[in-house]
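The values are calculated or read from the model by the stated rules, or taken from the named source; none is laboratory data. Since this is a predicted model, take the numbers as computed values, not measurements. When we count neighbours, we look across all protein chains shown, and the Cβ atoms used for this are built from the backbone with ideal geometry, even at glycine. Note: areas computed on protein heavy atoms with side chains; ligands, DNA, RNA excluded. Shrake-Rupley method; radii C 1.70, N 1.55, O 1.52, S 1.80 Å.
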Amino acid sequence: MLYRLNVTPSRCIGCRTCELACAFSHPAKGQGIGRSRVTTLDTGGQVFIPLLCLQCEEAACVKACPVEALKRNEKTGAVEVIEERCIRCKACVPACPFGNMYAGDPREVVFKCDLCEGQPKCALFCPTRALEYLPVK
């Protein structure tokens, strides 16, 4: 069964638990806590929007990669970075129309939401269900 990460901004309270859950589930090599692949946009006036990869069907990031280092995981549906193939050109970062591809230090590969191998921690720990991992109907 195929699942999709569903975002309901009206439920988001801006607690940023999703960011912490993501960072802890993606530890940095030899450095403990990693970088979050989800960010919470504070629009002002108590309105918050969780932002993360939409796993686009026709993903611009995939098309921009000259070495095919971005591939869709058939099991989870997530577009994933194949670190061994990434040449760190970062062409995928500006290609994402939603700003959900991230680049760190020039020596690092890019990173993005990988749906935590089919068990996204951001959704698991979201106290208001603003993020939910639901079956596609």
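In region 9-25, the residue that is nearest to T128 (Cα to Cα) out of those that are assigned to a loop (DSSP other than H, G, I, E, B) and open to solvent by 30 Å² or more (accessible area, probe 1.4 Å) is I13. Report whether or not C86 is open to solvent by less than 30 Å² (accessible area, probe 1.4 Å), free of Cβ contacts under 8 Å to residues at least 40 places away in the same chain, assigned to a loop (DSSP other than H, G, I, E, B) and touching a strand residue (DSSP E or B) at 6+ places or on another chain (Cβ under 9 Å). Yes; evaluated as a whole, the condition is true for this residue. Starting from region 113-129, take each residue that is surrounded by fewer than 16 Cβ atoms within 10 Å (Cβ to Cβ) and list its partners that are in a helix (DSSP H, G or I), counting only C-beta distances under 7 angstrom and pairs at least six apart or across chains. Final answer for the pair search is L124/A21; P127/T17; T128/R11; R129/R11. Set side by side, the residues G45, G30, G34 differ, and just one is in a loop (DSSP other than H, G, I, E, B), open to solvent by 40 Å² or more (accessible area, probe 1.4 Å), at pLDDT below 95 and under 23 Å from E84 (Cβ atoms), which is G30.
Per-residue answers, yes or no, for (1) under 21 Å from A21 (Cα atoms); (2) in contact with a Lys or Arg (Cβ under 9 Å, 6 or more places away or on another chain):
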{"position": "L41", "(1), (2)": "yes, no"}
{"position": "Q55", "(1), (2)": "yes, yes"}
{"position": "R72", "(1), (2)": "no, no"}
{"position": "F98", "(1), (2)": "no, no"}
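With respect to the stated conditions, C12 is among the hydrophobic types (A, V, I, L, M, F, W, C) and over 12 Å from the mean Cα position of the chain (by Cα). Scanning region 63-83 for residues that are farther than 24 Å from L134 by Cβ and assigned to a loop (DSSP other than H, G, I, E, B) gives C65, P66, V67, E68, A69, I82, E83.
Here's the yes/no breakdown for (1) surrounded by 13 or more Cβ atoms within 10 Å (Cβ to Cβ); (2) touching a strand residue (DSSP E or B) at 6+ places or on another chain (Cβ under 8 Å):
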{"residue": "A60", "(1), (2)": "yes, no"}
{"residue": "K75", "(1), (2)": "no, no"}
{"residue": "A78", "(1), (2)": "yes, yes"}
{"residue": "P97", "(1), (2)": "no, no"}
{"residue": "P106", "(1), (2)": "no, no"}
{"residue": "Y133", "(1), (2)": "yes, yes"}
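A count restricted to region 48-58 and to residues that are assigned to a loop (DSSP other than H, G, I, E, B) and more than 13 Å from the chain's Cα centre (by Cα) stands at 2.
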